[in-house]
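Peer 1: The following block contains the structure, expressed as structure tokens.
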Amino acid sequence: MVACKVHCTGGDSVIHRPTGPVTPGDILLLSGLPGAGKTHYASWLQSTGWGRVDHDRLDQTNSLDEAWIEVLRGADSRLLRLAGQLPGVVIEWGFDPLSDISRLTSILDRGYNGWYFDGDADAALDGWRRAWNGALPEFLWTTQTQKAQRDVCSNPNPVSGTHDSDR
């Protein structure tokens, strides 16, 4: 279980990672419906000093992004080392349920703190449209969402990671 504190000072909220060695549970992995709020939440965490990886916009010149690519290949040490230098790290990954579910399961089995963002499909589509501003064709959202719904309907607990709001 990840122990985090929310400090409120003058209206600002900052989430701090506990001191000590970084474990995979200290890394927050956001996944879920495209447009459901992952980017909004990850951006907010980044504004408080957290490191952020946006899987949809990986930059291989960014050390956190490079470390995330290594995590996808099964190597956690570089990301954990970099995370130790920050208040926290958030990974935003709207995974493809059909092709990425086994990789996601492996990452969560290694102890990463996985949160799944679900929500109203119409509102999520509106959020996705605003985020991508026409840069991607809408059929990509539809395809991704249909795959996610099929996976959730066939397996009511496709993601083993959980979020405890008391953390």
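What follows draws every value from the coordinates through simple rules; no lab data is involved. Since we're looking at a predicted model, the values are computed, not measured. Heads up, the Cβs are rebuilt from the backbone with ideal geometry, glycines too, and the neighbour counts pull from every protein chain shown.
Peer 1: Quick check for me: using +1 on Lys/Arg Cβ and -1 on Asp/Glu Cβ, what's the dipole size of the stretch 20-154 about its Cα centre, in debye to the nearest 20?
Peer 2: Working: 12 positive and 18 negative charges, 39 e Å.
Once rounded to the nearest 20, the dipole reads 180 debye.
Peer 1: Could you tell me how many cubic angstrom of Cα convex hull volume the stretch 20-154 has per residue?
Peer 2: Details: hull volume 14.9 nm³, N = 135.
Each residue corresponds to 111 Å³ of Cα convex hull volume.
Peer 1: Going by average Cβ neighbours within 10 Å, how do the peptides 58-65, 42-49 rank, with the highest at the top? Display every interim value, and only then the final one.
Peer 2: Working: 58-65: 13.2, 42-49: 15.5.
Highest-to-lowest ranking by the protection proxy: 42-49, 58-65.
Peer 1: If the chain between Arg110 and Thr48 were fully stretched, how many nm would it gain, using 0.36 nm times the residue separation less the Cα-Cα distance? Present the calculation step by step, with values, prior to reporting the outcome.
Peer 2: Values: separation 62, 0.36 × 62 = 22.32 nm, distance 2.64 nm.
This chain segment gains 19.7 nm when fully extended.
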